[in-house]
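Encoded as structure tokens, the structure appears first; notes follow it.
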Amino acid sequence: MINKDDLVSLTWEQKRKYNAAIDAGYFDNYEDNPREWQHSFVGQFLMKRPDRTATLNRLRDIVGHIPTWEDLTDDTIADFVTDCTESGMTMSSAKVYCAELKATLTANKRKVPSTEYVDRLNVKAEKSQAVYLTREEINRIIRYSPESRLEQFVRRNFLVGCLTGARHCDAVRLTIDNCDMATGTLSYVPDKTSGIIVTVPVDERMHVRDFLADRYYRECQKHTFNDILRRICRNCHIDTVRSIKTRERNVTAPKYKLVSSHTARRSFATNLYIAGVSIEDIAILMGHGKNIETTKRYICSERPVSTSVMSYFQPQKQEQQ
């Protein structure tokens, strides 16, 4: 990653203005041809919104590299909208992300491959999917025999997310080499927050090592991944009818219709919470550090009141005599 001092074409004020973007690596090829960089997608976006690297980070997670004009296809735009609306942010925040991207694309529409970005970036009708899979439902997917190599890929990465809490972009990269046999833990550097190392216990009961040992990889757009995941969940009879509150209305549907790649991370957090693990510990295992407010958005169920709390309200032996 380039050092700020190496950006001799930028003034001190510009370096301060683009500080976050420089740290994120979006200026790494700036010195090669500043004019070409300014006409790139990243350049056009940052010149208008220098402090909004979060939008670029989301796109980078989707395409796997710093996004270019060529990457902005209908599929990528659809994945971006899904990522925004399923990440737990409010509808107003999702609208801001989509509006920022739409403004940049509209100003450079001749460079954009997507022909439907205006409609796709309208998030008014988007639903928020807030379901999780229980341990028993996850076991059904573990026992499921994939019908194709693509199903094998989707099943593998979804289960790795369920059992480690890793984001979809990290689950794809995790292998058995991330495991420490001596400590029984798995460690990795998250793609979104590269300054930390996340360490989680290896869930031996759920055979997570077997899935990590499967190194099969292929390119798969997130909407394709979600379609196949829903088919797997339907085949596993994960079809309990659920009523969830979206940002606009209530939706009632079989659970398999409501799952997505992000359900894996929600399932990890929710199952730990139901088992009695503290929010603070779950935050650490998910790479949130001390930001427990972010962690709370991943928990999709309340846990029962503990027996110690219930016993407080019950009459004691002396009171009964």
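Just so you know, all these numbers are worked out from the coordinates, no wet-lab data involved. These numbers were taken from a predicted model, which means no experiment stands behind them. With ideal geometry, Cβ positions are generated from the backbone for all residues, glycine too; neighbour counts draw on all protein chains shown.
For the reader, a short list of remarks on this structure follows.
- Size of charge dipole - region 4-120 - debye, nearest 20, with Cβ of Lys, Arg +1 and Asp, Glu -1, no other charges: 580
- Label-zone membership for region 154-178, site S187, 7 angstrom Cα→C-beta point, backbone N under 19 Å: 164-167, 170-171, 173-178
- Taking region 4-109 and dividing mean pair separation by its residue count, relative contact order in percent (alpha carbons under 8 Å, at least six apart): 20
- Inter-label distance for D119 and E219, nm, one decimal - labels placed 7 Å from Cα along Cα-to-Cβ: 2.5
- Model label sites at K257 and W69, defined 7 Å from Cα along the beta-carbon direction, differ in position by 4.1 nm.
- Mean Cα-pair separation over length for the chain, i.e. relative contact order, pairs under 8 Å, 6 or more apart, %: 15
- GNM top mover of E86, E293, E151 - the chain, alpha-carbon springs below 10 Å: E293
- For the chain, the residue among T68, C179, S243 whose Cα projects farthest onto the positive side of the dipole built from Cβ charges is S243.
- For region 36-49, backbone phi angles converted through the Karplus equation (6.51, -1.76, 1.60; θ = phi - 60°) give residue-by-residue couplings of 5, 4, 5, 9, 6, 4, 4, x, 4, 5, 6, 5, 8, 9 Hz, Gly and Pro being listed as x.
- Helix 222-235 and the long axis of the chain differ in direction by around 20°, with both axes built from C-alpha atoms.
- Prolate/oblate/rounded call for region 135-296, Cα gyration tensor, a/c under 1.5 rounded: oblate
- Label-to-label distance, I244 versus A107, with points set 7 angstrom from Cα along the beta-carbon direction: 3.5 nm.
- Residue among T115, T164, S301 farthest towards the positive dipole end of the chain, charges placed on Cβ: S301
- Charging the Cβ of each Asp and Glu at -1 and of each Lys and Arg at +1, and nothing else, the dipole of the chain about its Cα centre rounds to 1040 debye.
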